[in-house]
Structure formats: structure tokens, C-alpha cells
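Student: I'd like to ask you about the structure that follows.
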Amino acid sequence: MGVKLSTTKGVEFKVTLRRINRIEADINYTYSDARATGSTPTSLAGTVAGSQVSDFTPKYIFPVNFNQTHKGSVTLDYRFAKDDGGPVLEQLGLNVLMEFNSGNSYTRLYYTGESIADSRFRTPLELIGESTTPTYFRIDTKLDKTITLGPVDMNIYVYVTNVLNTKNV
């Protein structure tokens, strides 16, 4: 089978704020561009097998289907320590996690037959990997309070996923 060629370019940033005056934060962001002659080792198997050239090697690269140009997260934690904030706020904390990413690359297709799984009945409507699935965005929160009962510490919490009820694909 032919040789699979690939290249990935990108940059990653990470900022960590140690706890200062009850707040702690982590910020992560990645920009990347992943391109190859195929998304998997067998993605061009039909092309290679159908080639009239015995040592066929693909020559064009395109965005792979797992390519995600932007990806990031922000974590904020606001917390009262032991003996801080009085009896009500002592050992109370709020944690917020925000995640986002751009969609994945894909190719829009036109189906000409009865089976969408059979590639003989699919015709691309654009260049390979030209379209992108919708972006993803989500916020989760956790509010917790640690209560000390004698020698035992109990942590009671409420954890809410997808606070904004964002409809992600």
C-alpha cells in the first residue's frame, strides 16, 4: 500500500494562576492544523487498490477528519479556606469549567445510491475536508461546602453540567 504523509502545525498556551486571595485559575488554548494524505492508515485503500500504478503514492494533503483548529478551556475556582469567611462561608467553594473548540473537518457528500456506507454511491460536493462541523461550547459548575463533624470532614456539593443548556452537535 502507498505511503501516508502527514504534517501537524500548531501552538499551545497554558497559564496557571496559583491561589491568590481565594481565587485560582487555569487557562489552556491550542491552535493546530493537521493535514495528511488520509485520516487513517486505510483511508485511501480503495484509491491505492484501484490505481494502475504499482507503487502509487498519494501526492496531495488535506485536513484530516480529526483536525480541530481551536481548542481551549478555562477553569476558575473561588474558595474559602478553613477558618476563613465565618461559619457560613468557611470551606465553601465555587468551581467553573468552560470548554470550547472549533469543529472537525469533514467533506460534504451527495448520496446517489441506496447505501450511504458504500463509497461507490457517494460524490463529494467540495474539496476534501473543506467543511467544518459546528463549534462546541460548554460551562459546568460545582458548588461545594466541607463540614467538619468531629474527626470527619464531609463534602457536600451540587454539580451542574452544561449550565447554559448549550445545544452542541
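The values are calculated or read from the model by the stated rules, or taken from the named source; none is laboratory data. Source: prediction; values computed, not measured. Every residue, glycine among them, receives a Cβ derived from its backbone with ideal geometry; neighbour counts consider all protein chains shown. Accessible surface areas use protein heavy atoms only, side chains included; no ligands, DNA or RNA. Shrake-Rupley method; radii C 1.70, N 1.55, O 1.52, S 1.80 Å.
Student: To the nearest 20 Debye, how big is the dipole of the chain about its Cα centre, given +1 on the beta carbon of each Lys and Arg and -1 on that of each Asp and Glu?
Tutor: 300 debye
Student: Using a 1.4 angstrom probe and counting only protein chains, how large is the accessible area of V11 in Å², to 10?
Tutor: 70 Å²
Student: Compute the distance in nm between two label points, each set 7 Å from the Cα along the Cα-to-Cβ direction, one at F66 and one at L109.
Tutor: Once both label points are built, they end up 2.0 nm from each other.
Student: Related question: What ³J(HN,Hα) values, in whole Hz, does the Karplus curve 6.51 cos²θ - 1.76 cosθ + 1.60 give for the stretch 82-97 when θ = phi - 60°, with x put for Gly and Pro?
Tutor: Rounded to whole hertz, the list is 5, 6, 10, x, x, x, 7, 8, 4, 6, 9, x, 10, 10, 10, 10.
Student: Let me ask something else about it. Who wins for biggest fluctuation among L149, L94, L127 in a Gaussian network model of the chain, springs between alpha carbons below 10 Å?
Tutor: Answer for the Gaussian network model of the chain: L149.
Student: Top to bottom by accessible area (1.4 Å), largest first, where do E114, E130, E24, E90 land?
Tutor: Sorted by accessible area, descending: E114, E130, E24, E90.
Student: In terms of Cα to Cα distance under 20 Å, which aspartates and glutamates are near enough to K9, apart from those fewer than 8 places away along the same chain?
Tutor: D33, E130
Student: May I ask which of K14/K142; K59/K167; K14/K167 have a Cα-Cα span longer than 29 Å here?
Tutor: K59/K167
Student: Right, next: How much of the accessible area of the chain, probe 1.4 Å, is carbon plus sulfur, in whole percent?
Tutor: Carbon and sulfur: 59 percent of the exposed surface of the chain.
Student: Could you compute the FRET efficiency for T146 and Y29, with r as their C-beta to C-beta distance and R0 at 41 Å, rounded to 0.05?
Tutor: Calculated value: 0.80.
Student: What does the charge add up to near N168, with Lys and Arg as +1, Asp and Glu as -1, over the other residues with Cβ less than 13 Å from its Cβ?
Tutor: Result for the neighbourhood of N168: 0.
Student: Would you kindly find the accessible area of S105, with a 1.4 Å probe and non-protein molecules such as ligands, DNA and RNA excluded, rounding to the nearest 10 Å²?
Tutor: Accessible surface of S105 is approximately 10 Å².
Student: Starting at the first residue of the stretch 141-147, write each ³J(HN,Hα) from the Karplus equation 6.51 cos²θ - 1.76 cosθ + 1.60 with θ = phi - 60°, in whole Hz, x for Gly and Pro.
Tutor: 3J(HN,Hα) across the stretch 141-147, in whole Hz: 9, 9, 10, 9, 9, 9, 10.
Student: Got a sec to turn the phi values of the stretch 117-129 into Karplus ³J(HN,Hα) couplings, 6.51 cos²θ - 1.76 cosθ + 1.60 with θ = phi - 60°, whole Hz, x for Gly and Pro?
Tutor: 7, 8, 5, 5, 10, 10, 10, x, 9, 7, 5, 4, x
Student: Calculated from the structure, Cα Rg over 2.2 N^0.38 Å equals which of (1) 1.59; (2) 1.17; (3) 0.98?
Tutor: (1)
Student: What's the extension gain from E99 to T135 if we count 0.36 nm per residue and subtract their Cα-Cα distance?
Tutor: Difference between extended and current length: 11.9 nm.
Student: May I ask you to rank K14, K145, K82 by accessible area, largest first, using a 1.4 Å probe over the protein chains only?
Tutor: So the residues, ranked largest to smallest area, are K14, K82, K145.
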